[in-house]
Amino acid sequence: MSENQNKNIGEGQQGAPQGDRKTAYSPEELQYFKQIIEAKRDEIVIQLQNLRERMMDPTTGEYINENSPYSLHMAEMGTDAMEREKTYLYAQRETKFLGYLEDALKRIENGTYGVCIECVDEPQNLCETCPLIPKARLEAVPHSQHCLPIKLKQEKKRGH
Ligand SMILES: [Zn+2]
C-alpha cells in the first residue's frame, strides 16, 4: 500500500480520488498511433493509384465511374466490364476507408483520438481502459471510435 502511495508522489494526482482514470492517450501514445494510421493511409493511397490505372478504359483512355454508361449495361459487357465494376466498387470502399483514416489523424491532432464516443460521457466500464478504447483494438482498427463491447452491442441491435 505504501508502495502505491509513493508512486503517486510527484505525479500531481494526490487528492483526486476519481482522477486516476485516463481519459486521453498521452502525446507519445498518440504519436505511436499516428505512425500506424499514416502507414495504413500510405498503403491505401498506393493501392488506389493502382486501382485507378486498372479502371481506365483501354479503348478510350477514360476512367470508368458509376455515371459511366458501361455500368448500366454491365451484363452485356462481359467479364472485362464486370471486372472493372468490381474494381470500381473496391476503390470506392478503399476511398471511404481512407476518409476514416484522415478523420482519425484529425482526432490525433486535437487530442481526442482513442476515446470511445459512447463511453466518454457515461463510462460503461466494459473495458479496463474505459473511456479509452483499448490499445489492441486501435492497433487492429485504428479508425474506430467505439470500444469493442459497445460496437458488438450496436451490431446486435441492428440485427447483424
Ligand atoms: Zn466504450
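Only the coordinates and a few stated rules stand behind these numbers; no lab work does. In this text, all values refer to a predicted model and were calculated from it rather than measured experimentally. As a convention, Cβ positions derive from the backbone with ideal geometry for all residues, glycine included, and neighbour counts pool all protein chains shown.
Phi angles across the stretch 107-120 convert, under the Karplus curve 6.51 cos²θ - 1.76 cosθ + 1.60 with θ = phi - 60°, into 3J(HN,Hα) values of 5, 5, 4, 9, x, 9, 5, x, 8, 6, 6, 8, 9, 5 Hz, Gly and Pro given as x.
If I take all pairs of Cα atoms in the stretch 114-160, what percentage of them are more than 14 Å from each other? Each step should come with its number before you reach the end.
Values: 456 of 1081 pairs.
So the portion of pairs separated by more than 14 Å is 42 percent.
Distance between the pseudo-spin-label points of residue 141 and residue 83 (7 Å out from Cα toward the beta carbon): 3.4 nm.
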